[in-house]
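The values are calculated or read from the model by the stated rules, or taken from the named source; none is laboratory data. All figures in this text were calculated on a predicted structure; none of them were measured in a lab. A quick note on method: Cβ atoms are made from the backbone with ideal geometry, for glycine too, and the neighbour counts reach across all protein chains shown.
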Amino acid sequence: MQQSKKIGKQTYNIEQGVSIIGYGAVVGKKEGNGPLGKKFDFVIDDGYFGEKTWEKAETKMQKEAILYAVSKARKSLSDIDIILSGDLLNQCIGSNYAVRDLGIPFLGLYGACSTMAESMVIGSMLIDGNYANNIVCGTSSHFCSSERQFRSPLEYGGQRPFSAQLTATASGMVVLAKSDDKPYITQVTIGKVIDKGVKDILNMGAAMAPGAVDTMLTHFEDTDTSPSSYDLIITGDLGKTGYQIVMDLMGKSGYKLSNYKDCGMMLYDLIKQDAHSGASGCGCSASVMCGHIIPEIKSQKINRVLFIGTGALMSPTSVQQGESIPTIAHAVVISNER
């Protein structure tokens, strides 16, 4: 009888050399003007990306990111067994329409801003279980389409509090495969839904931070590791407000996070670009990971990273009905050593 790959409560070992062999990131103009702007594969000139609607622009962004990732993996679309992706739009139309002409089996996901990590968790488990050889994993978001759906029409021009984040116009995709190429996904931790009663949709960091802390603590316990076991611990995307809450809560749990960063604080210059608490949206952590972090690992500037994707699982309906915001966080260990 085969021994279980599950360790502890929520963590699984990925044992068969699941590698990140390709990655692509396409971002909007504001993201391209940020601190990481030169690291992305393509920066679009305007929010429409040559299309008639913002939703169609997001679809095009996601498709372009897939093509960049597959090309850098030195694969063709016919080599891809499955695409795993999702977005913030109702029924994940950005992803559904992005893949409809590609002729590749597709599993649509919804984990809100945790979707990048969720897709990598599922993709690596499918490959490790011998169900596929090459899988594309990723997500996208678009500032204009997301704001129209979740908050107020852009024309309203409402003021944002300093806890608010800007939804990133961005898409990031990776190609996972059975390979000896570095880096590898070595462990994944599947998060639980955590709800601490936060109802303010303009303070996503406060809502998501407890989920990030719960997954981080569980991962450390399951794997018998600590923050010092990693060159970098990165969440996505809590922003400045959520980042500070994580630091405080982890400190109270006895952990000092000297090697911790958040994707939401990295995508924009918070002062010069008037980003308030930072970036949010599925595309934030996806583009930061695919444009910056994964290349840093591949070049061995850093060798072991704990990536924790965070997501707020509300909908426009739940917000209008006065519900609190449930959140989730999934963790992925990316390492140059198996």
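Of all residues being modelled with pLDDT under 95 and not in a helix (DSSP H, G or I) in the range 54-89, which is farthest from residue 281 (Cα to Cα)? Just the residue, please.
89
Among the residues of the range 235-260 satisfying the criterion of being in contact with a Leu (Cβ under 9 Å, 6 or more places away or on another chain) and among the charged types (D, E, K, R), which is modelled with the highest pLDDT?
Among those that are in contact with a Leu (Cβ under 9 Å, 6 or more places away or on another chain) and among the charged types (D, E, K, R), it is 240.
Name the helices (runs of 4 or more DSSP H) wholly within the range 218-307 that hold at least 1 residues that are surrounded by 21 or more Cβ atoms within 10 Å (Cβ to Cβ), of a type outside the set (Ser, Thr, Tyr) and more than 19 Å from the chain's Cα centre (by Cα)?
239-252
Does residue 95 meet the test of being at pLDDT 95 or above and farther than 15 Å from residue 170 by Cβ?
no
Of the residues that make up the range 121-131, is at least one closer than 18 Å to residue 281 by Cα and either of a type outside the set (Val, Ile, Thr) or more than 17 Å from the chain's Cα centre (by Cα) (or both)?
No, that holds for no residue.
Looking at the range 100-117, can you tell me whether even one residue there is of a type in the set (Lys, Arg), farther than 21 Å from residue 175 by Cβ and free of Cβ contacts under 8 Å to residues at least 12 places away in the same chain?
no
Quick check on residue 232: is it over 11 Å from residue 312 (Cβ atoms), assigned by TED's automatic domain parsing to the domain that holds residue 308 and modelled with pLDDT under 95?
No.
Would a scan of the range 241-262 turn up a residue that is among the β-branched types (Val, Ile, Thr), in contact (Cβ under 8 Å) with a residue 60 or more places away in the chain and at negative phi?
Among the residues of the range 241-262, at least one is among the β-branched types (Val, Ile, Thr), in contact (Cβ under 8 Å) with a residue 60 or more places away in the chain and at negative phi, which makes the answer yes.
Tell me, please, whether a residue that is part of a loop (DSSP other than H, G, I, E, B) and at positive phi can be found in the range 31-39.
no
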